[in-house]
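The structure appears right after this line, and notes come after that.
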Amino acid sequence: MNVPDSTIVQMLERMLHTSQEYVDSLVGAVQRVARELSSISFNYNSHMIRAGMRSPELQTLDDQLDDASAQLGRTLFDLQQRLLGDVQALRRLTRVFEAVDLEDDRPPIARLREGLDAYCTALEQEHRGISEILGSLSVRLRLMANNVEIAASHAGGESVAAPVDLFCAMAALLRALAGRLRTATGDLRVFEQTQNGYAETLRTVLASRERGEAA
């Protein structure tokens, strides 16, 4: 089997196209959340100073925001590398019937199946790990939003109602970011399921082609 049929080519191209789409949409979505969270984290301490509201609880939340922002930045980098790696891996698979591998003289179909299995294994392990981190960060941001409101209310009073309102607005922003991370987490899982579905269909096509040639 040195020449693939059109179905095999179409399935590989569909997987590659899906991967390229998610590089743009998913990375862009998480990147915007990371940028906005970094801005909130950067300005949080100055809000406390201007409002004259100091408390151990508010200071602890400042540290937690810094940590969450740093973790999201690292996760964004991992997501970028993983999705770009997906595209590169799938491009190699689309060329398996064209490129000559001097170190591997097996038929292209064997190399394709092995590459497909390796791709799916990495997809399950690495994407699932990233989606779990994004999901955990979404929960953390919602919890911090609640705690910001509570801590600001305890630190303020009737004489500082406006600064308390400012922290409540910040909490609302954190909840919005949490919702967008939750959406990104769901999109990443859909991507994993979609690619695994394509891969399983492709395995069926390959097996059918092999049976046909053996008959």
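Annotations for the structure displayed:
- Projecting label points 7 angstrom from Cα along Cα→Cβ for GLN81 and ASP62 puts them 3.2 nm apart.
- Once C-alpha pairs closer than 8 Å and six or more residues apart are averaged by separation and normalised to the residue number of region 6-210, the relative contact order reads 33 percent.
- Toward the positive end of the charge dipole of region 3-90, with +1 on the Cβ of Lys and Arg and -1 on the Cβ of Asp and Glu, the farthest Cα among GLN31, MET15, LEU84 is that of GLN31.
- Rounded FRET efficiency, nearest 0.05, which uses the C-beta distance separating ALA29 from ARG209 and R0 of 45 Å: 0.75
- Length gained when the stretch HIS17-ILE49 is fully extended (0.36 nm per residue, less Cα-Cα span): 6.6 nm
- With at most 16 other Cβ atoms within 10 Å, longest stretch of the chain clear of loop trypsin sites (Lys or Arg not before Pro) (DSSP): 96-215
- Residue among THR121, ALA169, TYR198 farthest towards the positive dipole end of the chain, charges placed on Cβ: ALA169
- Region 70-149: GluC sites (Glu not before Pro) in DSSP loop, at most 14 other beta carbons within 10 Å: GLU98, GLU103
- Axis of helix 128-155 versus longest Cα principal axis of the chain: the two differ by about 10°, to the nearest ten degrees.
- In this structure, GLN88 and ILE150 have a Cβ-Cβ separation that, at R0 = 45 Å, corresponds to a calculated FRET efficiency of about 0.45.
Throughout, read-outs are computed from the coordinates displayed, never taken from laboratory work. Being a predicted model, the structure only gives us computed values, none of them experimental. All Cβ positions, glycine included, derive from the backbone under ideal geometry; neighbour counts span all protein chains shown.
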